[in-house]
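A.B. asks: Before I ask anything, here is the structure I am working with.
No lab work stands behind these numbers, since they all come straight from the coordinates. Everything quoted here is computed from the prediction, not taken from an experiment. Counting neighbours? That spans all protein chains shown, and the Cβs are built from the backbone with ideal geometry, glycine included.
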Amino acid sequence: MGRGLSQDLRDRVVAAVAGGVSCRQAALRFGVSAASAIRWRQLALAHGTPAAKAQGGDHRSARIEAQAGFLLGVIEEKDDITLSELRGLLAERGTAVGIGTLWRFFDRHGITRKKRRRTPASRTVPAS
């Protein structure tokens, strides 16, 4: 994803349009696309500023976080439950999620799903 153009440039384009220049002429003068100049003017008219929205971030974890109490309760009841079984239980409750979503949920909460301890290294034969 590309970076947004500077706030200073956005303000100068909108000021030029407010000064009587058309959006397309302002776009040519400042070296931006006409669509950007038009969009920035619309933002300035609607919100008072042509500021860029925040980019990135997590937009989808709210669905699984809403089920956090249920998931943590199930883990307490049956600590050897698999991610596939958890996925099925969530589907029954109307929340369809993937295995990766469950894995990231547990990672965020510091919960590991490993079923057995790590075996010690062999003393006689080095592992390759």
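A.B. asks: Can you name every residue in the range 62-100 that is over 25 Å from the mean Cα position of the chain (by Cα) and either among the small types (Gly, Ala, Ser) or within 15 Å of Thr112 (Cα to Cα) (or both)?
C.D. replies: Scanning the range 62-100 gives Gly73, Val74, Ile75, Glu76, Lys78, Asp79, Asp80, Ile81, Thr82.
A.B. asks: Failed condition for Asp79, given (1) in contact with a helix residue (DSSP H, G or I) (Cβ under 9 Å, 6 or more places away or on another chain); (2) of a type in the set (D, E, K, R); (3) closer than 18 Å to Leu102 by Cβ, with all others met?
C.D. replies: With (1) in contact with a helix residue (DSSP H, G or I) (Cβ under 9 Å, 6 or more places away or on another chain); (2) of a type in the set (D, E, K, R); (3) closer than 18 Å to Leu102 by Cβ applied to Asp79, the lone miss is (1).
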